[in-house]
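What follows is a set of notes on a single structure, which appears directly below.
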Amino acid sequence: MEQRQVIIVGGGIAGAATAWALAEAGCTAVTLVEADAQPGTHATGRNAAIQRTAIPHAQLHPLARESAAFYRHPPAGFCSHPLVEPVGVYLTAPQGADADHTQQWIENPAFAEGGQEVSWDQVQKAHPYLAPREAKAWFFPEEGIFDVHAILHGFLHLAQLAGVDFRWRCPVTLLCQEQEVLGVQTPDGPLYAQQVLLAEGGWAGRLLPPTNPHRFDVRRRHLVVSGADSRIHPHSPVVWNLGADEFYFRPESGGMLMSACDHHPVSPQQGEVLDREILGLVAEKALRWLPGLDNLTAAHAWAGMRTFPQQPGFHLGADPHYAHLYWAAGLGGHGITCAPAVGRVVALQLLEGGCGLPFNRRSAAPLLRG
Ligand SMILES: Cc1cc2nc3c(=O)[nH]c(=O)nc-3n(C[C@H](O)[C@H](O)[C@H](O)COP(=O)(O)OP(=O)(O)OC[C@H]3O[C@@H](n4cnc5c(N)ncnc54)[C@H](O)[C@@H]3O)c2cc1C
């Protein structure tokens, strides 16, 4: 019977960051199993790569701040080039209720730090094709655009060097308990461990019995990248317009990456399927927000899943109902921004719960069956 200390289900940023944090703490009898042939093909490989630490949630903002420090000074061997291009991020909101609400939380240090209030003219100076607007704006000069590929592979590389074992093309089909040991069924056969971490992104909770108390809300979001256009400066800041008419954009590959911030609930099967209506909405918002960029054409479009737990915040750490089971799930729209801190927090709970200690046969109750 093959037995590990921790099995991590899911090779996105949540699983990778936790694998790294466990290895960093000396817990290396860890196997990460990923259904796909390579890591990061779902939400982690389909996001907008925007670092935005201003988040109106008292659990998430500190995680984002801690992670920002990590990204500025990653550990030796993580990556040989900067992980964030600090082009700056503008958060804006139309005058009225949206601006008042945004101002309230943005000036609260529990939710935002380092932002300076600026005029709309300043935003327009950075993006001259923007429509004139009655809006409030704040600038976060140190934030910007992630190199998500480098971040994911930095975590995996250091975890692998420390001895963490990875299994790609290895979907877990069953979560079970045998002889008081937690186990997962995979095409390579069963794997057993003292602890199992669920980091399954949009599939969170799917391995648990239908009666389990955890519910996740999977929301699809589309991103569109325009063709290259000489009017777009490749290092101009991100602009994220909050409020009822939410829309964000940033330079990408010579063009503009844009989202209409759609958030329709979907099943994981539909989570990456493009909806033409939403693509039309992006085009409509682009015309309205960026009138100076007429004749912009779409070069690429894709969709991905943002997964939310029922309670606002992330779903992290020891499961209150099932012994030996842990979570790094429900990272919503901030998973890359917060990943290093998520990894640290979850690894700490795994360590406190037994990882690194001699194998302990505390009985898991109630019995889990997928
Ligand atoms: C359009 C979009 C834009 C976003 N923009 C940003 C942004 O600008 N900034 C930011 O910080 N965040 C952003 N996010 C959010 C961020 O991408 C996610 O929070 C993060 O990637 C979630 O990572 P994860 O590891 O939880 O999920 P995933 O990356 O989806 O990884 C989960 C993995 O688990 C695997 N898996 C599932 N079930 C099993 C199983 N049974 N067996 C084995 N493997 C399994 C899957 O194959 C998958 O690879 C965005 C998300 C989307 C969709």
Practice task
Calculate how steeply helix 97-106 sits against the longest principal axis of the alpha-carbon atoms of the chain, using the helix alpha-carbon long axis, and give the answer as 0 to 90 degrees to the nearest 10.
Solution key: 50
Completion exercise
Taking Cα pairs closer than 8 Å and at least 6 residues apart, the relative contact order of segment 1-144 in percent is 24
Exercise for the section: For segment 1-112, give the magnitude of the charge dipole about the Cα centre (Cβ charges: +1 Lys/Arg, -1 Asp/Glu; no others), in debye to the nearest 20. Expected result: 140
Problem - Among G183, A150, W203 - extreme Cα towards positive end, dipole of the chain, charges at beta-carbon - result: G183
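If you take the Cα Rg of the chain and divide it by 2.2 N^0.38 Å, with N the number of residues, what do you get?
Ratio of Cα Rg to 2.2 N^0.38 Å: 1.02.
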Practice task
Report the GluC sites (Glu not before Pro) located in segment 119-162 that are in a DSSP loop and have at most 11 other Cβ atoms inside 10 Å of their Cβ, or state none.
Solution key: E134
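Using +1 on the beta carbon of Lys and Arg, -1 on that of Asp and Glu, and nothing else charged, what's the dipole of segment 209-331 about the Cα centre, debye to 20?
Numbers: 10 positive and 12 negative charges, 23 e Å.
Result for segment 209-331 is approximately 100 debye, rounded to the nearest 20.
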Completion exercise
Kirkwood Rh over alpha-carbon pairs of segment 112-173 plugged into Stokes-Einstein at 10 °C, 1.306 mPa s gives a D in µm²/s of 99
Problem - segment 214-238 versus segment 9-84: alpha-carbon centroid distance in Å - result: 20
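Fewest Cβ neighbours within 10 Å first, please rank K125, K136 accordingly.
Fewest-to-most Cβ neighbours within 10 Å comes out as K125, K136.
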Problem - Dipole magnitude (debye, nearest 20) for the chain, charges at Cβ of Lys, Arg, Asp, Glu - result: 440
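A short reminder: the numbers here are calculations on the coordinates, not readings from a lab. Being a predicted model, the structure only gives us computed values, none of them experimental. Cβ atoms come from the backbone with ideal geometry, glycine included; neighbour counts cover every protein chain shown.
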